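None of the figures in this text is laboratory data; all of them are computed from the coordinates on show. If you're wondering where the values come from, they're calculated on a predicted model, not measured in any experiment. Every residue, glycine among them, receives a Cβ derived from its backbone with ideal geometry; neighbour counts consider all protein chains shown.
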Amino acid sequence: MNYQPSKTRYEKMIYNRCGKSGVLLPALSVGLWQNFGDVDTLQNQKNILTTAFDNGITHFDLANNYGPPPGSAETNFGKIMMEEFNGYRDELIISSKAGYAMWDGPYGDWGSKKYLVSSLDQSLKRMKLAYVDIFYHHRPDPNTPLEETMAALDLIVRQGKALYVGLSNYKAEEAIKAFAILKQMGTPCLIHQPKYSMFERWVEGGLLDALEEYGVGCIPFSPLAQGLLTNKYLNGIPGDSRAVRNFFLKETDITSEKIEKVKQLNELALVRNQTIAQMALAWLMKDKRITTVLIGASKPEQVLNSIACLDNLHFTEDELGKINDILG
Ligand code: NDP
């Protein structure tokens, strides 16, 4: 029998307005960067996404190059859309991106109009979608005029291939220039996707202020530092962890200094009746400029564990001070 989403899926999730737009996003979103390639089992992928949707997660984030191999996460997602989510397209916000190397030759990377427009055409075919809800420029391109890249995003919206546009990995100054160009074109930037977690706080140095000023939402990626901010590595490196599986998180990234911090965070999380992962996610959500936190998961249980962060979003000043002391 086909998947039937839970009837209570909208009862517990919190939905936040994305910047000054009309779009509401769930407090947590799920990304398909890892665990959705051809090397992963389709059934587990389905279980992760249906568990997310059953619990009110309406936003799935992709990019042209997610896999491995690049493109396969979008192809697998296309299958899952057809087989499980057919009939639910209008309840979902689906994003994709282009900006990193995707195909051979001079037109398959960075930020030209040629690359962005063709890449989204390819993504739509792989995902079997008529349009994406959000299309991002994945990283700034120092060699293409910003006007050209933004004109490509504007064109894509006017062609009906994306409803909204976003930027990822742009520093505050670059983002501000891009916001101004997009606004002038009549295609305001909906959302910015930066790396942000307890271990990676660069956005606090100006980007979040800029997002607030320009009415742009924020969707932090790798909020659990790829699994480091969980209890997963407290007693060594488990065989089924990302640190063993691929090179994006290396065993050498699991330093004794980081693990010491995670242990101290764990003590605090236990007092709050949370797991470290739940505390790390709630800690991001304390800032009202954060629209939705973009988690990854290798198992459906991790999605459930992470969603339970919503049970305790409040931090005392004392707790926040202790966290800052631990993070140093
Ligand atoms: P996270 O920091 O949430 O890391 C996810 C990993 O943490 C999981 O694969 C799992 O590791 C572990 N984990 C997750 N939940 C739990 C839990 N509750 N308990 C224990 N362990 C847990 O995010 P990602 O790094 O996966 O990034 C999330 C998304 O952000 C991506 O899918 C993508 O959409 C986006 N992204 C965007 C980038 C950009 O440049 N714009 C770059 C990178 C990511 P394990 O696999 O070991 O079980």
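Miscellaneous remarks
- Residue count for segment 141-175 under the criterion of being of a type outside the set (F, W, Y), under 30 Å from W283 (Cβ atoms) and under 21 Å from the mean Cα position of the chain (by Cα): the result is 9.
- Test for K125: is it away from the ligand (no atom under 16 Å from the Cβ), surrounded by fewer than 20 Cβ atoms within 10 Å (Cβ to Cβ) and under 21 Å from C189 (Cβ atoms): no
- Residue ID - farthest from the ligand (Cβ to nearest atom), chosen from residues in segment 210-246 that are part of a loop (DSSP other than H, G, I, E, B), buried (at least 21 other Cβ atoms within 10 Å of the Cβ) and hydrophobic (A, V, I, L, M, F, W, C): V216
- Residue within segment 104-112 that is out of contact with any helix residue (DSSP H, G or I) (no Cβ under 6 Å at 6 or more places or on another chain), under 21 Å from S72 (Cβ atoms) and among the aromatic types (F, W, Y) present: no
- Within segment 252-266, being within 13 Å of the ligand (Cβ to nearest atom) and either exposed (fewer than 11 other Cβ atoms within 10 Å of the Cβ) or closer than 24 Å to L304 by Cα (or both) holds for V262, N266.
- Among residues of segment 28-45, those that are within 16 Å of the ligand (Cβ to nearest atom) and either in contact with a strand residue (DSSP E or B) (Cβ under 6 Å, 6 or more places away or on another chain) or not in a loop (DSSP other than H, G, I, E, B) (or both), counted: 6
- Qualifying residue in segment 132-145 (condition: in a helix (DSSP H, G or I), within 16 Å of the ligand (Cβ to nearest atom) and surrounded by 18 or more Cβ atoms within 10 Å (Cβ to Cβ)): no
- Checklist (1) within 11 Å of the ligand (Cβ to nearest atom); (2) over 30 Å from Y10 (Cβ atoms); (3) among the small types (G, A, S); (4) touching a helix residue (DSSP H, G or I) at 6+ places or on another chain (Cβ under 6 Å) applied to G206, failing item: (1)
- Contact map, segment 30-44: residues that are at positive phi paired with residues that are of a type in the set (A, V, I, L, M) and part of a loop (DSSP other than H, G, I, E, B), Cβ distance under 8 Å, separation 6+ or inter-chain. Pairs shown: N35/A297.
- Condition met for A175 (in a helix (DSSP H, G or I) and either within 30 Å of K322 (Cα to Cα) or in contact with a Gly (Cβ under 8 Å, 6 or more places away or on another chain) (or both)): no
- Residue within segment 168-177 that is surrounded by fewer than 18 Cβ atoms within 10 Å (Cβ to Cβ), basic (K, R) and within 14 Å of the ligand (Cβ to nearest atom) present: yes
- Those residues of segment 267-316 which are among the basic types (K, R) and more than 11 Å from the ligand (Cβ to nearest atom), in sequence order: R272, K286, K288, R289
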